[in-house]
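These notes concern the structure reproduced below.
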Amino acid sequence: MTIISVDTPTRRRLVAGLGLAILFLASLSVGVGEFSLARVVNDPEALQLLLISRLPRTLAAVLAGAGLAIAGLIMQTLAQNRFVEPSTAGTAQSAELGILLATLLLPAASLPIKTLVASGAAMAGTSVFLMTAHRLPPTQPFLVPLFGIVYGGVIGAAATFAAWHADLLQFLSVWTNGDFSGVLRGRYELLWFAALTVAIAWLVADRLTIMALGRDASIGLGINHARMMQLGLVVVSVISALTVVVVGMIPFVGLVVPNIVSRLMGDNLRGTIVCVAASGSGLVLGCDIIGRIIRFPYEIPVGTVMGVVGGLVFLWLLFRRPDHA
Amino acid sequence: MIRIENVSLRYRTTPILHDIDLTIPKGGVTALIGPNGAGKSSLLSLIARLQPLQTGSITIDGLGVDSTPSPELAKVVALLRQDSVIASRLRVRELVGFGRFPHGRGRLTQEDCNIVNQSLRQLDLTDFADRFMETLSGGQRQRALVAMTLAQGTDYILLDEPLNNLDMYYARTLMQALRAIADENGKTVVIVLHDINQASAYADRIVAMKGGRVVGDGTPAAIFTPDVLEGIFGFRMRVETFDGKPLVLHHL
Amino acid sequence: MPDRRLIALGVAAVACMVAFLLTGLRGNIAFVLELRAIKLAALLQVGVSIAISTVIFQTVTGNRILTPSIMGLDALYLFGQMLMVFLLGGIGYVSLDPWLKFGVEILTLMALACTLLLPMLKRRLDMGLMLLAGVILGVLFRSLHSLLARLIDPNEFAVAQSASFANFNAVRSDLLIFATLVTAGAAVLAWRARHILDIVSLGSDAATSLGISWVRTVTGLLLLVSGSVAVSTALVGPVAFFGLLVVALAERIVDTRRHAVLLPAAALIAIVVLVGGQTLFQHALGNSSALSVVIEFIGGILFLLLLILGSRR
């Protein structure tokens, strides 16, 4: 009887949590190396495999997914447009250009320093996008993501050109196409910062919801609109730069997840932000698992799988009939 | 009391407001009237610090709108702009609840919930409280926005053409509700109205604007005369007296 | 006078072609000339087919920002090609008669383009929505393309990857004869349709009341567009913003939307930019692969400007 009395949001949360747990275990079990979860207890080699490769890879997918979904959510709040996310606003491409320049100009710098440079570049690129996006007419909401995609394309072209001159195209393709196959212990830990940013987003969830009501409404309610914009910008840029540097760009996560959660649960972010993060993790994890098994023992990068899955969902979001007349 | 001194505003090279000097006393309903483009909305958004002051000063109960911290001011003055669009998928109760944000920074106490419920009741929205905003009609959405503004619980309430999208029944209900909170709770309501008969029926005081200047300031009886109205709106209209209040036959 | 401008453009185009053929001629002259002539023929076709397809597409959709490539048509072509490899297997694909293969590819593209675009045109959707959908379709087809490429042979996906960038140096001369036929046919058809195009640009209502059968005409024009796109993509690969750049330039120079002038002007400018640019980059800057990147870069920025300026009005 207790199960029936659980209300819908709670039940959805339970289902989401359970699904994520199953995906997590599946991700631990799938791979080229011979391995089964049951043997971890008495087989030191299996334990090593788990700790060095499988667990880091799974955690990286969980963290990157949650971070990207939250980044998309914040981006949509700041731009007041449902169809933007880091990869459709030039953020990810700016981060790419940043990490490329850091590699060229500061070859000796450590990875965190380079990530910092990439974050700075992402911030600059996103600021330009947001400033321009607000000048586009609000009556045509589709122009904003369109502008963002081409803007990202132009920045990406600049990065390609620079990389090609410096003979770094190989590196660039690592950053442009998200792939978890290279993730090992010691090479993904920067992503834990993404968890921190998710926590920040959760703390300011109410403020974000009000920001989505528009500048006038948020100032009227006493919110420091400019400072929230800056905070959001920093969070989005840091998350994008982290994922680009550690695993490479994964398109569409930040776009698809917040939109679907919003359809199911509404936009009161205090209640939904955890679901957005969890669904993002689940989606990325799921796509990574698909990429690992579809052509076993070869791997297909998660960025490619997500390009297909996310593109289809995006089109569905664009052309679905609205909920109401 | 809202004191506006020497306020001018220009947008790029276009002047919007010229040297406005105006005092709106505490308490009662003040109606702002005037033709399109008179600067009414700009004046309201300056009072509610949505735009930075370019010249002059505006104080509300002695608090300068450009010097008081925004969260403090949010407990004193609330503004509903015209044509506010809510793109978020929020339930009516959630939206109205965000009106309480300045008081608890997001945590809703029992008292907050009571105020939210009261606002919902005042605008006849209780039946819609758990519906998503996007499923409501234009008039219902407008009422939800007004309810959110009232829930903010400020002493000063600024409303920019709140009767847009409302049918006659709810236009009357809203004006009565505003009259009631002014009379019973001592709130100050400043409201932009295009229907000057609503202004005549419910406002204590009329401020008329034209071309970025205040061209009239007084009781309805003093402003709603054929001569003054012609000066404001540019055509002559008949004014009758009905139930002791001026009734403007502007459509004839 | 548009006519004088057309003549000037024609002279410039011929000058570019001569420069392309003769600059820095050394060694076995006959051999080099033949090689260059083949390449020149391919470049001419690419220029003409992109100019024609972009002008017609913009006229039919009634705006100046859409181009077939932005709507993802060339990505669709690449995807269709990869799908054939996937279905037939690498050997089956290679052993296909090239004429048959190219023919099937063009037909598939035409069919797909019509199923995708006709409903959009009939329902007269919001332009922004169409553009965005097109861009997303492009991303989707590119992702599907690389997904299939990896499914076929994960070790050699670099081969598939290389097809996603335009390359004006390594044109596929084996397709040249067939492509010449298609381009020439498209050019003739477009020229004969120039007056109809002027009317189509007025929109479906006005065109219908002037006696044009809208759906049939638009379908025909779209088939023409997809054929031209297939030719240029098959020869050099996808070029997203080249068409936009060329037509915007053409409109600026001849200052009219009359197709009798605009079509040849766009084709001539395409030739000047492609052939002249190739000559310049090859001989003066010593680096010919950069041309496509530069064109895309300038074209992309132009697109952003058009978007912002166009929405201001």
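When ranked by the protection proxy of mean other Cβ atoms within 10 Å per residue, highest first, what sequence do the peptides C:274-280, A:96-102, A:127-133 form?
In descending order of packing, they fall as A:96-102, C:274-280, A:127-133.
Based on alpha-carbon centroids, what's the gap between segment B:105-145 and segment A:91-145 in Å, whole number please?
About 40 Å separates the Cα centre of segment B:105-145 from the one of segment A:91-145.
Taking amide H atoms as placed 1.01 Å from N in the peptide plane, list the residues 5 or more away in sequence, or in a different chain, whose amide H sits under 5 Å from that of B:R205.
HN-HN under 5 Å from B:R205: B:V29, B:A31.
Suppose the chain between C:L309 and C:E34 were pulled fully straight at 0.36 nm per residue; how much longer would it get relative to their current alpha carbon spacing?
Numbers: separation 275, 0.36 × 275 = 99.00 nm, distance 4.55 nm.
This chain segment gains 94.5 nm when fully extended.
If you take the square roots of the eigenvalues of the alpha-carbon gyration tensor of the protein assembly as shown and sort them as a ≥ b ≥ c, do you get rounded (a/c under 1.5), prolate (a/b over b/c) or oblate?
oblate
At 7 Å along the Cα-to-beta-carbon direction for both B:R236 and A:A162, put a label point, then send me their distance in nm to one decimal.
7.4
Which shape class applies to segment A:83-145: rounded if a/c is under 1.5, otherwise prolate when a/b exceeds b/c and oblate if not, where a ≥ b ≥ c are the square roots of the Cα gyration tensor eigenvalues?
On the way: a/c = 4.03, a/b = 3.31, b/c = 1.22.
Prolate shape, in that a/c is at least 1.5 and a/b is the bigger ratio.
Under unit Cβ charges (Lys, Arg +1; Asp, Glu -1), what dipole magnitude, rounded to 20 debye, does the protein assembly as shown have relative to its Cα centre?
For this selection, approximately 680 debye.
For B:L79, enumerate residues with amide H under 5 Å from its amide H, sequence gap 5+ or separate chain, H modeled in the peptide plane.
The answer is B:L158.
Mind ordering C:58-70, C:200-212, C:220-232, B:211-223 by average Cβ neighbours within 10 Å, highest first?
Ranking the peptides C:58-70, C:200-212, C:220-232, B:211-223 by packing returns C:220-232, C:58-70, B:211-223, C:200-212.
Mind putting a number on the dipole of chain A about its Cα centre? Charges go on the C-beta only, +1 for Lys and Arg and -1 for Asp and Glu, and I need it in Debye to the nearest 20.
In debye, rounded to 20, chain A gives about 520.
Against the globular-protein guess of 2.2 N^0.38 Å, express the Cα radius of gyration of segment B:69-197 as a ratio, rounded to two decimals.
0.98
Averaged over its residues, how many other protein chain Cβ atoms are within 10 Å of peptide C:294-301's Cβ atoms?
Mean shielding by partner chains, rounded to a whole number: 4.
With the cut-off at 1.5 for a/c, could you classify segment A:183-237 from its C-alpha gyration tensor as rounded, prolate or oblate? Present the calculation step by step, with values, prior to reporting the outcome.
On the way: a/c = 4.29, a/b = 3.14, b/c = 1.37.
Because a/c hits 1.5 or more and a/b exceeds b/c, segment A:183-237 counts as prolate.
On a C-alpha basis, how far is the centre of segment C:197-224 from the centre of segment B:59-98 in Å? Whole number, if you could?
52
Using the Cα centre of segment A:167-325 as the reference point, and only Cβ charges (+1 on K/R, -1 on D/E), how large is the resulting charge dipole? Debye, rounded to the nearest 20.
Computed charge dipole of segment A:167-325: roughly 220 debye.
Roughly speaking, what is the centre-to-centre gap between segment A:214-287 and segment B:146-194 when only Cα atoms are used, to the nearest Å?
Centre-to-centre distance over Cα atoms comes out at 35 Å.
Taking θ as phi - 60°, what are the ³J(HN,Hα) couplings along segment B:235-252 by the Karplus curve (6.51, -1.76, 1.60), each to the nearest whole Hz, with x for Gly and Pro?
Running phi through 6.51 cos²θ - 1.76 cosθ + 1.60 with θ = phi - 60° gives 8, 8, 9, 7, 10, 10, 10, 9, 6, x, 10, x, 10, 9, 9, 6, 8, 8 Hz.
Mind listing the long-range amide H neighbours of B:T55? Cut-off is under 5 Å, sequence gap 5 or more, other chains count too, H placed in the peptide plane at 1.01 Å from N.
So B:T55 has HN proximity to B:S8.
How much length would be gained if the chain were fully extended between A:L14 and A:R295, taking 0.36 nm per residue of separation minus their Cα-Cα distance, in nm to one decimal?
98.0 nm
Put +1 on the Cβ of every Lys and Arg and -1 on every Asp and Glu Cβ in chain A; which of A:A162, A:F24, A:T103 then has its Cα farthest towards the positive end of the dipole?
So the residue furthest toward the plus end is A:F24.
In deg cm²/dmol, rounded to 500, what helix-only [θ] at 222 nm does chain A give when every DSSP H run of at least 4 residues adds -39500 (n - 2.57) and the total is split over its residues? The partial results should precede the final answer.
Details: 15 runs with 229 residues, N = 325.
Rounded to the nearest 500, the figure is -23000 deg cm²/dmol.
Within a 10 angstrom radius of each residue's Cβ in A:82-90, how many Cβ atoms of other chains show up on average? Whole number is fine.
That average works out to 1.
What distance in nm separates the two pseudo spin-label positions at A:L318 and C:S209, each 7 Å out from Cα along the beta-carbon direction?
For A:L318 paired with C:S209, the spin-label model returns 3.2 nm.
I need the peptides A:283-295, A:73-85 ranked by packing, meaning the mean over residues of other C-beta atoms within 10 angstrom, with the highest value on top.
Result, highest mean Cβ count within 10 Å first: A:73-85, A:283-295.
Let me check against my output: what whole-number percent is the relative contact order of chain A, with C-alpha pairs under 8 Å and at least 6 apart?
On the way: 466 pairs, mean separation 97.5, N = 325.
Computed value for chain A: 30 percent relative contact order.
Compute the distance in nm between two label points, each set 7 Å from the Cα along the Cα-to-Cβ direction, one at C:H283 and one at B:Q110.
Taking the two extended label points, one gets 9.1 nm.
Report the number of Lys pairs in the protein assembly as shown whose alpha-carbons are under 21 Å apart, with separation of 8 or more residues or on distinct chains.
Lysine pairs, 8 or more places apart or on different chains, close enough: 6.
Is it possible to state the helix-based mean residue ellipticity at 222 nm for chain B, with each DSSP H run of 4+ residues giving -39500 (n - 2.57), the sum divided by total residues, to the nearest 500 deg cm²/dmol? What is it?
Numbers: 10 runs with 87 residues, N = 252.
Per the formula, -9500 deg cm²/dmol.
To the nearest whole number, what is the average tally of beta carbon atoms from other chains within 10 Å of the beta carbons of peptide B:93-105? Walk me through the numbers on the way to the answer.
On the way: counts 1, 6, 6, 0, 2, 8, 4, 1, 9, 4, 1, 1, 4.
Mean shielding count: 4.
Could you give each residue of segment B:163-174 its phi-based ³J(HN,Hα) in whole Hz, using Karplus coefficients 6.51, -1.76, 1.60 with θ = phi - 60°, and x for Gly or Pro?
Karplus-based 3J(HN,Hα) across segment B:163-174 equals 7, 3, 6, 8, 7, 4, 4, 7, 4, 5, 4, 5 Hz.
Any read-out appearing in this document is the output of simple, stated calculations on the displayed coordinates, not a laboratory observation. From a predicted model like this one, the values you see are computed outputs, not experimental measurements. Glycine also receives a Cβ, built like all others from the backbone with ideal geometry; neighbour counts cover every protein chain displayed.
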